[in-house]
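Below is one structure, written out as structure tokens; the observations come after it.
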Amino acid sequence: MIPHVGDLLIIFAMFCFAASYVPGKRISHAVGSTFGNAIPMGVASLMLLPFAFLSSYSHFSSYSLKGWEFLLIYVILFNVIALTLWFSSLKLVKGWIVSALRYVGPILGAPVAYFVFGQTLKVSQIVGAGIIIVTSLFISREHFKEEKEQLNLG
């Protein structure tokens, strides 16, 4: 069985994202979370924007304008708000904890998918979400215990 190229690209992307934690923490400490996020996102956006215009040019209609509206919402929510908070969290919390708690993101997106797109979760997805939430609570509790112990020792 030959793996799909898309699957391999996702695995490679996740590897690259995980490898960015250490430099991300250094950048966040050096220039701050806002600039650490804004500079690379701004450069990448400027590089990719012409491709976005070219791909929607031939299909320019009200449907493609709706896509641009969704893209703008995504850019503001993810690139501006979420990634700035992500880099801020790397200043305060260990990288592995930030990474582990990242899995809560899709669960928080489930209500949006329901209300905006009418999508519902399957039973297996609800069980998986429950496992992620319980695991995240245990990880957070351990982090708070460590912080409390460090404050008591210091």
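Throughout, read-outs are computed from the coordinates displayed, never taken from laboratory work. Since this is a predicted model, take the numbers as computed values, not measurements. For neighbour counting, all protein chains shown are included, and Cβ atoms are generated from backbone atoms with ideal geometry for every residue, glycine included.
Just a few scattered comments:
- Computed [θ] at 222 nm, deg cm²/dmol, the chain (DSSP H ≥ 4; -39,500 (n - 2.57); rounded to nearest 500): -27000 deg cm²/dmol
- With a simple spin-label model that places each label point 7 Å from the Cα along the Cα-to-Cβ direction, the separation between Val80 and Ser20 comes to 1.9 nm.
- Length gained when the stretch Ala110-Ser124 is fully extended (0.36 nm per residue, less Cα-Cα span): 3.7 nm
- Mean sequence separation of contacting Cα pairs (under 8 Å, at least six apart), scaled by the length of the chain, corresponds to a relative contact order of 27 percent.
- For the stretch 93-154, alpha-carbon Rg relative to the globular expectation (2.2 N^0.38 Å, N residues): 1.46
- Spatially close Lys pairs in the chain, defined by Cα atoms under 30 Å apart and a spacing of eight or more places or different chains, total 9.
- Linear extension gain, Asp7 paired with Ser99, 0.36 nm per residue minus alpha-carbon span: 31.1 nm
- Dipole size of the stretch 93-154 about its Cα centre, with +1 on Lys/Arg Cβ and -1 on Asp/Glu Cβ: approximately 140 debye, rounded to the nearest 20.
- Listed residues Ile11, Ile81, Ile131, most fluctuating in the chain (Gaussian network, C-alpha, under 10 Å): Ile11
- Shape call, the stretch 22-154: gyration tensor on alpha carbons, a/c limit 1.5: oblate
- Helical segments meeting 30 Å axial Cα length and Kyte-Doolittle 0.5 threshold in the chain (DSSP H): 33-57
- Amide N of the stretch 105-128 lying under 14 Å from the label point, which is placed 7 angstrom from the Cα of Leu48 along Cα→Cβ: none
- Comparing Gly36, Trp86, Ile97 along the charge dipole axis of the stretch 19-154, the residue lying farthest to the positive side is Ile97, per the Cβ-charge model.
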